[in-house]
Amino acid sequence: MARRPGAFSMESDRVNVRNLLLLLLLVVPGVASFGLGAWWGVNDFIALTEANQQFDRLVRQSAT
């Protein structure tokens with residue numbers, strides 16, 4: 001018996017549940033860790049540039 005287009009079946013529901021679990025267990029944590037890593041990297045870059053500027057000021061101050 002052929003299934004008509006748009007009809008629901010238990011197998012398609014299982015596939016949807018599997019896709020939802022895949023999304024929740026793999027994709028969402030991956031996106032969250034990528035976002036956290038990017039945020040951490042930007043904050044680290046800002047702190048490093050400020051420390052570098054302070055170091056340059058100290059070097060110029062000691063050179064005079």
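The values are calculated or read from the model by the stated rules, or taken from the named source; none is laboratory data. In this text the structure is predicted, and so the values were computed from the model without any measurement. Side chains are part of the model used for accessible areas, which takes the heavy atoms of the whole protein and leaves out ligands, DNA and RNA. Shrake-Rupley method; radii C 1.70, N 1.55, O 1.52, S 1.80 Å.
Would it be correct to say that Arg18 is of a type in the set (Lys, Arg), in a helix (DSSP H, G or I) and at pLDDT below 95?
Numbers: of a type in the set (Lys, Arg): yes; in a helix (DSSP H, G or I): yes; at pLDDT below 95: yes.
So Arg18 fits the description; yes.
Counting only residues that are open to solvent by 70 Å² or more (accessible area, probe 1.4 Å) and of a type in the set (S, T, N, Q), which one in region 37-64 is nearest to the chain's Cα centre (by Cα)?
My answer is Asn52.
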